[in-house]
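Comments concern the structure below.
Laboratory data are not the source of any read-out in this text; all were calculated from the coordinates shown. Just so we're clear, the structure is a prediction, and the values are computed from it rather than from any experiment. Note: ideal-geometry Cβ built from the backbone for every residue, glycine included; neighbour counts use all protein chains shown.
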Amino acid sequence: MHKNKAEIKTIASQISSQEGKYFFSMTEICMLFGICKDTARDVCKHLTPVTHGGVRKYYIVDVLEYFYSLKS
């Protein structure tokens, strides 16, 4: 499990350096991972959002950890 945490942090850092942020809206998550809105909605319902300017945003590390949990 420790290897996954390091891998998640590496991927999150790469995404953040390219996108310039660590928090993403559901629409942005769709684009980042190439998933449809229904799938993104299903992912995000398992995560705690932060509201910024009236938009729910999700921490990229939480999103990646959720995807990794599906692999197990």
*Can you tell me which residues in the range 12-32 are surrounded by fewer than 16 Cβ atoms within 10 Å (Cβ to Cβ) and part of a helix (DSSP H, G or I)?*
13, 14, 16, 17, 18, 19, 27, 31, 32
*List every residue pair whose Cβ atoms lie under 9 Å apart, where the two residues are 6 or more positions apart in sequence or sit on different chains, the first residue falls within the range 41-68 and is in contact (Cβ under 8 Å) with a residue 12 or more places away in the chain and over 10 Å from residue 29 (Cβ atoms), and the second residue, located anywhere, is surrounded by 12 or more Cβ atoms within 10 Å (Cβ to Cβ) and acidic (Asp, Glu).*
46/62; 48/62; 64/7; 68/7
*Would you mind telling me which numbered condition in (1) assigned to a helix (DSSP H, G or I); (2) buried (at least 17 other Cβ atoms within 10 Å of the Cβ); (3) of a type outside the set (Gly, Ala, Ser) residue 57 fails?*
(1)
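Working carefully through the options 43, 55, 50, find the one that is β-branched (Val, Ile, Thr) and in contact with a Ser or Thr (Cβ under 8 Å, 6 or more places away or on another chain). Even if it seems obvious, please write down each step before you answer.
Numbers: 43 fails: in contact with a Ser or Thr (Cβ under 8 Å, 6 or more places away or on another chain); 50 fails: in contact with a Ser or Thr (Cβ under 8 Å, 6 or more places away or on another chain).
Answer to the check: 55.
Within the range 1-11, work out how many residues are more than 11 Å from the chain's Cα centre (by Cα) and either surrounded by fewer than 12 Cβ atoms within 10 Å (Cβ to Cβ) or among the hydrophobic types (A, V, I, L, M, F, W, C) (or both).
5
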_Being in contact with a strand residue (DSSP E or B) (Cβ under 7 Å, 6 or more places away or on another chain) and of a type in the set (Val, Ile, Thr) is the filter here; which residues of the range 1-44 pass it?_
29
